[in-house]
Structures are given as structure tokens and as C-alpha cells.
Amino acid sequence: MIAINVENLVKKYRNGVQALDGISLTVGSGEIFSLLGQNGAGKSTLINVLTTYLRPTFGKVTMFGKDVYEEATEIRSRIACVAQRTSIDSHLSLSENMMFQSKLYKIRKIEAKQRMETLIACFGLERYLKYPVSSYSGGVKRRLDIALNMMSNPKILFLDEPTVGMDIQSRMAMWQMMKKIRADFGTTIFLTTHYLEEADQLSDTICIMKDGKEAAQGTPHALRNYLRQDVVEISFDSKERAKDSFRRITNTFGLERTNLRSEKIIINSPKSGEDLVHVSRFLLEEQITFMGINILQPSLDDVFIRLTGKQMGVS
Ligand SMILES: Nc1ncnc2c1ncn2[C@@H]1O[C@H](COP(=O)(O)OP(=O)(O)OP(=O)(O)O)[C@@H](O)[C@H]1O
Ligand SMILES: [Mg+2]
């Protein structure tokens, strides 16, 4: 089943910036969907349009087959959004926050208590119950904020950069939490991120976004196949030897698909199996000493660079 369908969405801000430039995408029900893009690609704008905070200039969005803007009230009751800034009240405890949230959604007190207990147990948050939210680190606060947003039992949970600025431990705790949300509650998760590794680890589907448009969409595996070529990597025992061999290899295999990367030579190869045989034979015949020769699949980084012409930022 399709949870979200976006067709040709355009958003032009009043100052003339066109943040969304005809983006289309499809999110399957119950999946973790990652929107990957650099600063200013339009990720937050898209989340704000999908969650009905902003009206699009043009285009159509349906969720569970319903038009989002014609049935905004109903859609709002079925989704939740954790924005880039946390919305959880720092002066209250987690349970006070959760009970307050349930009032906003008019959930009966008995039900709310039950739901709260389920969520706290599911995410292992017992130890954060006692003290006000302000006493916890940024990473824990974000997880508490997500637990809070699960109180209304949303069908779709939108998360804008849920792990930005976190250390690796907090990030892994967050990934665990997202996987649990999908497994235990069947919630569709739509998240944005700068981190390729995160999208790769976590998502069923990734959409790479550039300048307000989708550049590619698919499973992490399908995106890797997008380049339709592997690389043959030859390792040497020193940079000097690699450099020396590089000249001889390019004479035979051509400069345009061969790269020198410190003590390695990389050959882009649409037919990696055949190339591996040719290159190994050449190295042996020419008596070039090498440490190893491998076929590598392109990384998501390679795909991203190819599609956007940019290196992904570290943060
Ligand atoms: N309220 C606004 N008014 C005018 N322009 C805006 C507004 N919000 C965002 N923009 C512009 O729209 C473009 C897309 O911004 P957006 O915040 O959606 O990108 P993003 O992918 O979320 O970036 P980041 O990774 O930095 O969060 C940018 O050029 C931004 O400056
Ligand atoms: Mg943003």
C-alpha cells in the first residue's frame, strides 16, 4: 500500500526562492523512507508541505489515497512530526509531557496511561521518567520527543534530521528506536538526513534530493546499481610503486577510467570480471609487484557524487 504520493510539487516562497521544483516521490506503507540532501536542498520545506504547515504553490500530495489539503484536518490527526527543533517541554517530566500530549489529541486518560507505559517499555525509557526533560542531553531529549509524538499513534511519523549533531552512541540508539517503531507499531517513517551511512543502514527506500527535485529514488541496493559499474582496485605496498605502475597501466587501459588514490589504483569498470582477468594478467606479465586486486561495488557516496556533483558533507 502507498502511504504518501507526491506529484510534481512546487513551493515558491514569497521572497522568490523556489525551494521545491517539481519533486515527485512515493512512500510505501510501513517503510523507513530517507530523504537525503545537502543544506538548502529543500528537505525541511518538503516536510513542512507534507505535514500541512505550508501550502504548496503547485502539485498534488495524497496520503492513504486522500488529498492532503482537501482533508487536512483528518490527515493531521493521523500524522506526527518531530521538527529540527525539539518541541518537548523542558520544564516537565517525560510522563507529564506525554499526558499533556494525549489531552491535545483527546485521548481518554486510561488509554493514554496504557499507551504511555507501552511506549516507555518499548523504547527502554524508564530511567528518564523522574527528572525534568531539561536535565537530559540533546540526544536523549530527541528520543523523548519522538516517544512523545508516538502518543497519538500516528500512521506516519515525520522526522527532520533526527540525528544531526549527535555522537555515534546516541545515533545508534536513535536508529534502534526507529527500527522498533517500524517493527512494533508498523508506523511509516519519513526522515531527512545529511548522513549517507544513516540512510544506507536504516532505510527501505532512499530519495536523493537536489535543488528541490528528486535526483534518484530506490532501495540502497538499487541506488548502488544505479552507476551500473564496479571498480577494480589494485593495492600496492607504497604510493611510489602505485604511481610508477599507474603510468604503465594507463598506457594500456586508458587514462579516462583509471584513477590514482594514494597507494591504490582504481579502474572504473562496466565489465569488472573481464577487466580483473586482463589487469591481473598484465601485472603478472609486466612483473609489477602488487599487494592485492579486488572488485568493489560503488558506494552510496559515489552515487551521490555522480548525481549531485558534490561531496556529501560530514555533518
Ligand atoms: N521561510 C522561508 N522563506 C524563504 N526562503 C526559505 C524559507 N525557508 C527556507 N527557504 C529557502 O529554501 C531553500 C530550501 O530550504 P530548506 O530549509 O527546505 O532546505 P533543507 O534541505 O532543509 O536544508 P538544511 O539541510 O540546511 O536543513 C533554501 O534556499 C532556503 O534558504
Ligand atoms: Mg532542513
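Accessible area, 1.4 Å probe, largest first: how do Y131, Y13, Y195, Y53 sort?
Putting Y131, Y13, Y195, Y53 in descending order of accessible area: Y53, Y131, Y13, Y195.
Kindly state, to the nearest 0.05, the FRET efficiency for D204 paired with K271, given R0 = 25 Å and r defined as their beta-carbon distance. Can you show the working numbers first?
Values: r = 30 Å, r/R0 = 1.22.
Here the calculated transfer efficiency is 0.25.
Pop a pseudo-label 7 angstrom from the Cα along the beta-carbon direction at both E70 and K106 and give the gap in nm to one decimal.
2.4
Relative to the first principal axis of the alpha-carbon coordinates of the chain, what is the inclination of helix 109-122, with its axis defined by its Cα atoms, in degrees from 0 to 90 and to the nearest 10?
20
By its C-alpha gyration tensor, with a ≥ b ≥ c as the square roots of the eigenvalues, how is the range 1-103 shaped: rounded for a/c under 1.5, else prolate for a/b larger than b/c, else oblate?
It is prolate, given that a/c is not under 1.5 and a/b is the larger ratio.
How far, in nm, would the chain grow between Q114 and I168 when pulled straight, counting 0.36 nm per residue and subtracting the alpha carbon separation? Kindly include the intermediate steps, with their values, before the conclusion.
Numbers: separation 54, 0.36 × 54 = 19.44 nm, distance 3.19 nm.
Going from the current span to full extension adds 16.2 nm.
So if R0 is 30 Å, what FRET efficiency would T252 and D301 give, r being the distance between their Cβ atoms, rounded to the nearest 0.05?
Computed FRET efficiency for T252 and D301: 0.60.
Roughly how tilted is helix 138-149, in degrees to the nearest 10 and between 0 and 90, from the longest Cα axis of the chain?
Between helix and principal axis, roughly 50 degrees.
For the range 72-86, what does the Karplus curve 6.51 cos²θ - 1.76 cosθ + 1.60, with θ = phi - 60°, yield as ³J(HN,Hα) per residue in whole Hz, taken in order and with x for Gly and Pro?
4, 5, 5, 4, 4, 6, 10, 10, 9, 9, 9, 7, 4, 9, 6
Karplus couplings for the range 283-298 from phi (6.51 cos²θ - 1.76 cosθ + 1.60, θ = phi - 60°), rounded to Hz, Gly and Pro as x?
4, 5, 4, 7, 6, 8, 7, 9, 8, x, 9, 9, 9, 10, 7, x
Using modelled backbone amide H atoms (1.01 Å from N, in-plane), which distant-in-sequence or interchain residues come within less than 5 Å of L159's amide H?
Hits under the 5 Å cutoff: V82, F190, L191, T192.
Hey, what did the range 82-240 get for relative contact order, percent, Cα under 8 Å, at least 6 apart?
For the range 82-240, the relative contact order is 21 percent.
Once amide H atoms are built 1.01 Å from N in the peptide plane, which residues 5 or more positions from E214, or in another chain, come under 5 Å H to H?
Answer set, sorted by chain and number: S24.
In terms of modelled amide H atoms, which long-range or inter-chain residues lie less than 5 Å from the amide H of E263?
Sorted by chain and number, the residues that satisfy this come to none at all.
Enter the accessible area of S137 (Å², nearest 10), with the probe set to 1.4 Å and all protein chains included.
Counting only protein heavy atoms, S137 exposes about 70 Å² to solvent.
Among all the aspartates and glutamates, which ones have a C-alpha under 15 Å from K264's C-alpha, if same-chain residues fewer than 8 places away are not counted?
Output for K264: E233, D237, E240, D244.
Reported to two decimal places, what Rg/Rh ratio describes the range 228-297 when computed on Cα atoms with Rh from the Kirkwood expression?
0.92
May I ask you to evaluate 6.51 cos²θ - 1.76 cosθ + 1.60, the Karplus curve with θ = phi - 60°, for each residue of the range 201-206 and list the ³J(HN,Hα) values in order in whole Hz, giving x for glycine and proline?
Karplus values, whole Hz, x for Gly and Pro: 5, 9, 8, 7, 9, 10.
With viscosity set to 1.002 mPa s and temperature to 20 °C, compute the Stokes-Einstein D of the range 164-236, Rh being the Kirkwood radius across alpha carbon pairs; µm²/s, no decimals.
D = 149 µm²/s.
Please report, in Å, the Rg and the Dmax of the chain, where both are computed over Cα atoms only.
Expressed in Å, the Cα Rg and Dmax of the chain come to 24.1, 79.
For the pairs K12/K155; K11/K43; K43/K155; K11/K66; K11/K60; K60/K155, note any where the Cα-Cα span goes beyond 22 Å. All intermediate terms of the calculation are to be shown ahead of the outcome.
Working: K12/K155 28 Å; K11/K43 12 Å; K43/K155 20 Å; K11/K66 20 Å; K11/K60 11 Å; K60/K155 20 Å.
Violating the 22 Å Cα-Cα cut-off are K12/K155.
The values are calculated or read from the model by the stated rules, or taken from the named source; none is laboratory data. These numbers come from a predicted model, not from an experiment. Note: ideal-geometry Cβ built from the backbone for every residue, glycine included; neighbour counts use all protein chains shown. Remember, those area values only see protein heavy atoms, side chains included, never the ligands or the DNA or RNA. Shrake-Rupley method; radii C 1.70, N 1.55, O 1.52, S 1.80 Å.
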